[in-house]
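Below: the structure, in structure tokens.
The values are calculated or read from the model by the stated rules, or taken from the named source; none is laboratory data. Please read all numbers here as calculations on a predicted model, not as lab measurements. With ideal geometry, Cβ positions are generated from the backbone for all residues, glycine too; neighbour counts draw on all protein chains shown. Surface areas here come from the heavy atoms of the whole protein model, side chains and all, with no ligands, DNA or RNA. Shrake-Rupley method; radii C 1.70, N 1.55, O 1.52, S 1.80 Å.
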Amino acid sequence: MDYAIQHVNEDHQKEMLLVVKHFARTDSVVGVVLLDYNEHDMDLQLSLENGQTKNMKLQFPKSLSTPQEFRPVLVDMVKTARKNPSNIKL
């Protein structure tokens, strides 16, 4: 699990921004740090345009049965966000 968190934070910032902006329906986020995740949601620290940070939980569209499902579920979330851009700017 630690490797997955580190990998997402180091290599997938743009994708995480897209996911948060889409699923949390916000456009004021400029940075995302994945803190942790469980079978139901991700714990995130958001950096906002105004310089503040905010912690939030973002639910998965479906619960994970195993930790190995994290990657495919997150990939599906990215694909969904890309298909439905809805006024999101990056």
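Number of residues in the range 54-69 that are surrounded by 15 or more Cβ atoms within 10 Å (Cβ to Cβ) and small (Gly, Ala, Ser): the value is 0.
Please enumerate the residues belonging to the range 54-72 that are part of a helix (DSSP H, G or I) and either of a type in the set (Gly, Ala, Ser) or farther than 17 Å from Asn9 by Cβ (or both).
Just the residues of the range 54-72 that are part of a helix (DSSP H, G or I), to begin with: 67-72.
Across the range 54-72, the qualifying residues are Gln68, Glu69, Pro72.
Taking the conditions (1) in a helix (DSSP H, G or I); (2) touching a residue at least 24 places away in the same chain (Cβ under 8 Å); (3) surrounded by 13 or more Cβ atoms within 10 Å (Cβ to Cβ) in turn, Leu34 satisfies each one other than (1).
Looking across the range 32-49, just one residue is under 15 Å from Pro61 (Cα atoms) and among the polar types (S, T, N, Q), and that is Asn38. When Gly51 is tested against (1) open to solvent by 70 Å² or more (accessible area, probe 1.4 Å); (2) assigned to a loop (DSSP other than H, G, I, E, B), exactly one condition is not met: (1). Restricted to the range 1-31, and to residues there that are closer than 16 Å to Met56 by Cβ and among the basic types (Lys, Arg), the residue that is least open to solvent (accessible area, probe 1.4 Å) is Lys21.
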